[in-house]
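Heads up, the thing below is written out as structure tokens.
The values are calculated or read from the model by the stated rules, or taken from the named source; none is laboratory data. Bear in mind that the values here come from a model prediction, so they are computed numbers and not experimental data. Neighbour counts run over all protein chains shown; Cβ positions are idealised from the backbone, glycine included. Areas reflect the complete protein model, heavy atoms only, side chains present, ligands, DNA and RNA absent. Shrake-Rupley method; radii C 1.70, N 1.55, O 1.52, S 1.80 Å.
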Amino acid sequence: MDKDTLRGTATGGTRDRIAQYLSRFFPVHALDDDADIFELGFVSSMFAMQLVSFVEQEFGITVEADDLELDHFRSVSALDAFVTRKLAAPLAR
């Protein structure tokens with residue numbers, strides 16, 4: 001099994017689901033996992049709220065006020081790590 005397959009299995013496909021969602025809105029064919037979507041100019045304040053809503057609905061977690069740190073939402077990798085941490089937390093659901 002290659003590294004990407006292992007990562008997808010370990011996170012339940014979290015990374016792939018996030019990347020697929022973002023790809024619907026961004027004009028690049030392959031968004032690098034570590035690309036800063038804010039720095040690239042892809043994110044407006046309205047889309048940032050859409051992204052929070054997507055994360056909550058898609059993964060069944062609640063994004064608390066304390067979670068609204070830009071670093072959690074900057075990239076596919078950051079979102080994957082954030083969602084994985086929230087899902088692992090005892091009160092995530």
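List of remarks:
- Of the helices (runs of 4 or more DSSP H) entirely within the stretch 1-65, those holding at least 1 residues that are at pLDDT below 85 and open to solvent by 80 Å² or more (accessible area, probe 1.4 Å) occupy 3-10.
- Long-range neighbours under 7 Å by Cβ, at least six apart or interchain, first residue more than 22 Å from Asp32 (Cα to Cα) within the stretch 42-64, second modelled with pLDDT of 95 or more and aliphatic (A, V, I, L, M): Glu56/Val63; Ile61/Val55; Ile61/Val83; Val63/Val52; Val63/Val55
- Complete set of residues in the stretch 66-92 that are open to solvent by 70 Å² or more (accessible area, probe 1.4 Å) and either in a helix (DSSP H, G or I) or in contact with a strand residue (DSSP E or B) (Cβ under 8 Å, 6 or more places away or on another chain) (or both): Asp66, Leu70, Asp71, Arg85, Ala88
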